[in-house]
Amino acid sequence: MSDTKPKTPINWIAEIRGLALMLLAVLAFHTFVAKPFYIPSISMVPNLMVGDRLVVSKFPYGWSWVSASFHVLPRSDRRVAPGTPEYGDVVIAVPPGKAEDYIKRVIALPGDTIALVDGQIILNGEPIAQEMEPPVRIPAENDNICGYGNECLSAFLPYQVTLEDGTRVYEPPTYRETLPNGASYLVIDHKDQALDDMAQITIPDGHVFLMGDNRDHSADSRASSFESGLDGPVPLEDVGGRAEIITFSLDGRASWNPLTWWPALRGERAWTSLRPELRGEQDT
């Protein structure tokens with residue numbers, strides 16, 4: 001006599017329900033707590049590189065239509081538990097007429113005045129602290145500093161140097177900016193261009209002014225929506241969270257093939273905080 005027991009049939013309804021609940025839990029976490037973010041462009045070089053993977057917290061400034069994992073909700077000016085960013089925060093924002101995330105730095109807050117003169121930020125009538133720094137060194141080999149664009153590559157070629165060990169790097173002009181709360185960070189500014197000058201404006205209530213750290217390759221609050229920019233100050237309901245930390249980073253050797261991931265790993269970038277360095281409060 002056989003001891004084989006009949007197999008219990010799979011309850012497909014229960015399995016599908018479990019998968020659906022798990023998916024809802026992931027979407028809820030991404031919407032209300034934090035989500036991963038991939039850097040596809042060079043607008044935040046040298047502080048963020050193409051290929052960096054980040055964690056973005058969703059709760060520091062409250063929740064709005066933009067908090068949803070996928071931007072499928074209609075735009076609205078409503079916010080729950082609203083908060084205001086601080087100078088120097090790195091945030092994600094959705095530009096007008098698009099359903100994609102940009103990542104930029106908060107330069108001006110509600111009620112501030114801001115102007116630009118030859119690339120110098122004039123905040124509330126005073127130039128912010130800006131100092132020349134030794135140029136950052138950005139690897140030129142097996143890297144993706146320029147993402148998928150050739151214009152950037154040609155712009156950085158004049159700054160390519162070869163180190164004593166034969167390594168090729170880019171050393172573009174680098175500056176340190178320090179905002180009124182002491183938030184300090186590096187920027188690259190290597191050419192004269194139209195976005196270096198802007199007449200003074202006042203930031204409306206409930207808005208912030210955002211700029212990329214790679215000043216000559218960033219479509220941000222200085223640029224119109226026609227130029228793929230943010231079209232001026234950004235409503236806080238269009239700001240979806242704050243960048244907190246780099247989890248890992250892959251250079252230009254990485255592809256869909258997992259065998260390429262380990263050689264492409266930029267180990268020194270893992271677990272790097274994205275909160276700005278604080279250098280003591282500045283006089284405002």
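Odds and ends about this structure:
- Just one of the listed residues (Ser228, Ser224) is over 11 Å from Tyr102 (Cβ atoms) and hydroxyl-bearing (Ser, Thr, Tyr), namely Ser224.
- Being farther than 23 Å from Glu131 by Cα and touching a residue at least 60 places away in the same chain (Cβ under 8 Å) is a description that applies to Pro233.
- Contact annotation: residue pairs with Cβ atoms under 7 Å, 6 or more positions apart or on different chains, pairing a residue in the range 102-122 that is free of Cβ contacts under 8 Å to residues at least 24 places away in the same chain with a partner that is in a strand (DSSP E or B) and open to solvent by 30 Å² or more (accessible area, probe 1.4 Å), are Gln120/Pro127; Gln120/Gln130.
- For Ser225, the conditions (1) of a type in the set (S, T, N, Q); (2) in contact with a strand residue (DSSP E or B) (Cβ under 9 Å, 6 or more places away or on another chain); (3) under 20 Å from Ala93 (Cβ atoms); (4) surrounded by fewer than 22 Cβ atoms within 10 Å (Cβ to Cβ) are fulfilled apart from (2).
- For the residues Val45, Val50, the requirement of being closer than 22 Å to Ser184 by Cα, of a type in the set (A, V, I, L, M), in contact with a Pro (Cβ under 7 Å, 6 or more places away or on another chain) and open to solvent by less than 70 Å² (accessible area, probe 1.4 Å) singles out Val50.
- If you go through the range 199-218 and keep only what is open to solvent by 30 Å² or more (accessible area, probe 1.4 Å) and assigned to a loop (DSSP other than H, G, I, E, B), you end up with Pro204, Asp205.
- Meets criteria (under 21 Å from His207 (Cβ atoms) and free of Cβ contacts under 8 Å to residues at least 40 places away in the same chain) for Ala81: yes
For (1) among the aromatic types (Phe, Trp, Tyr); (2) closer than 30 Å to Ala81 by Cα; (3) assigned to a helix (DSSP H, G or I); (4) out of contact with any helix residue (DSSP H, G or I) (no Cβ under 6 Å at 6 or more places or on another chain), each residue gets a yes or a no:
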residue: Ala155; (1), (2), (3), (4): no, no, yes, yes
residue: Val169; (1), (2), (3), (4): no, no, no, yes
residue: Pro180; (1), (2), (3), (4): no, yes, no, yes
residue: Ser184; (1), (2), (3), (4): no, yes, no, yes
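- Restricting attention to the range 246-266 and to residues that are open to solvent by 50 Å² or more (accessible area, probe 1.4 Å) and outside any loop (DSSP other than H, G, I, E, B), the residue that is nearest to Met44 (Cα to Cα) turns out to be Phe248.
The values are calculated or read from the model by the stated rules, or taken from the named source; none is laboratory data. In this text, all values refer to a predicted model and were calculated from it rather than measured experimentally. Methodologically, a virtual Cβ is constructed for each residue, glycine included, from the backbone with ideal geometry; neighbour enumeration extends over all protein chains shown. Heads up: the accessible areas ignore ligands, DNA and RNA and are worked out on the full protein's heavy atoms, side chains in. Shrake-Rupley method; radii C 1.70, N 1.55, O 1.52, S 1.80 Å.
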